[in-house]
């Protein structure tokens with residue numbers, strides 16, 4: 001469907017990243033963009049016919065330094081201004097954007113307004129920058145309404161003409177403008193001559209409930225990518241890491257892993273000690289299908305959590321969210337294997 005823009009209030013949240021940089025032509029160095037002068041520097045924004053308010057982290061950061069404390073900060077900003085704004089655009093460095101956007105999708109329960117993450121591969125002041133298009137279209141999407149209600153009611157990532165569900169995205173390229181993909185779920189919208197929103201791909205509209213913001217994220221999780229030649233000593237050391245509560249195993253193909261006796265025994269011992277184990281595929285696309293091959297039968301018998309088609313980024317942040325909510329061990333597997341924000345099939 002094609003959309004039109006009404007008069008709406010959009011909050012632009014700058015956390016840091018390439019999109020907020022301009023070149024100082026006197027020195028040749030990059031410096032932070034003054035977002036208080038956003039519309040005077042990007043006059044195209046006036047054409048959107050919406051009020052844009054800006055807020056920035058006190059100390060904008062490179063996204064490589066992003067952590068759960070910063071996620072809580074973003075969530076708090078949205079919570080504090082939720083009633084006064086119709087949509088939110090979060091400017092964020094692209095390197096960890098999928099992690100942050102996935103985290104916010106879990107932290108913002110009963111979200112009924114758009115939260116759009118975007119960034120750029122080149123600074124906003126660069127001649128060939130992708131920043132302006134990403135920024136302008138993200139604001140346009142956040143401002144899009146139908147019958148006075150936001151069309152998008154979830155956390156998304158917008159990059160290079162496509163809008164994706166946040167917790168389905170992965171950064172796949174460090175150089176191309178098309179930096180993100182959602183390999184297991186179709187785009188929510190595409191920007192061309194018209195802004196086309198695929199309503200059939202959006203999260204279904206549930207009963208209207210008040211926004212609940214969950215800021216406690218337990219980061220005692222780990223990720224282990226299996227590889228041919230992995231040693232027993234290394235594997236056991238990871239499983240026995242002090243303080244570790246949950247481990248994501250990036251397995252081969254459709255969830256397959258070595259069938260060595262020491263491998264299975266190590267997993268069994270870790271589970272008996274209370275470690276939560278999640279099986280996700282290390283393939284960019286596709287799903288874990290436990291038991292389809294002999295090399296995953298042992299994982300199925302151990303009742304290791306089936307990550308299905310979830311991304312590693314979403315698995316990490318979903319674990320942090322669930323651990324932070326003190327989900328019981330008795331129901332942990334069932335809840336993780338259930339889609340709660342559209343993060344898996």
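Going by average Cβ neighbours within 10 Å, how do the peptides 85-92, 232-239 rank, with the highest at the top?
Listed from highest to lowest mean packing, they are 85-92, 232-239.
How do 167-173, 29-35, 126-132 rank on mean C-beta neighbours within 10 Å, highest first?
Highest mean packing first, the order is 167-173, 126-132, 29-35.
For residue 282 and residue 25, what does the FRET efficiency come to when R0 = 41 Å and r is the distance between their Cβ atoms, rounded to the nearest 0.05?
After rounding to 0.05, the efficiency reads 0.40.
Restricting to the range 164-270, compute how many DSSP beta bridges are antiparallel as a %, nearest 5.
Counting only bridges with both partners in the range 164-270, antiparallel ones make up about 55 percent.
Under a plain spin-label model, where a point goes 7 Å from the Cα along Cα-to-Cβ, how far apart in nm are residue 177 and residue 51?
Each label point is offset 7 Å from its Cα along the Cβ direction, giving 3.3 nm.
Please say if the range 9-213 is rounded, prolate or oblate, where rounded means a/c under 1.5 for a ≥ b ≥ c the square roots of the C-alpha gyration tensor eigenvalues, and otherwise the choice is prolate for a/b larger than b/c and oblate otherwise?
rounded
Within a 10 angstrom radius of the beta carbon, how do 241, 59 rank from fewest other beta carbons to most?
Result, fewest neighbours first: 59, 241.
Suppose we keep just the DSSP beta bridges with both residues in the range 221-336; what percent of those would be antiparallel, to 5?
Taking every DSSP beta bridge within the range 221-336, about 5 percent pair in antiparallel fashion.
Taking the structure as given and computing semi-axes √(5λ) of the Cα gyration tensor in Å, which label from [x] 38, 21, 18; [y] 34, 21, 20; [z] 31, 23, 19 fits?
The listed entry that was calculated here is [x].
Quick check: the distance between the Cα centres of the range 229-252 and the range 104-164, to the nearest angstrom?
A separation of 37 Å, based on Cα centres.
Using per-residue counts of other Cβ atoms within 10 Å, averaged over each peptide, order 14-21, 223-230, 242-249, 200-207 from highest down.
Listed from highest to lowest mean packing, they are 14-21, 242-249, 223-230, 200-207.
With a point put 7 Å past each Cα toward its Cβ, work out how far residue 210 is from residue 59 in nm, to one decimal.
According to this spin-label approximation, the distance is 3.5 nm.
No value in this document is a laboratory result; all are computed from the given coordinates. Bear in mind that the values here come from a model prediction, so they are computed numbers and not experimental data. Quick reminder, even Gly has a Cβ in these numbers, built from the backbone with ideal geometry, and neighbours come from all protein chains shown.
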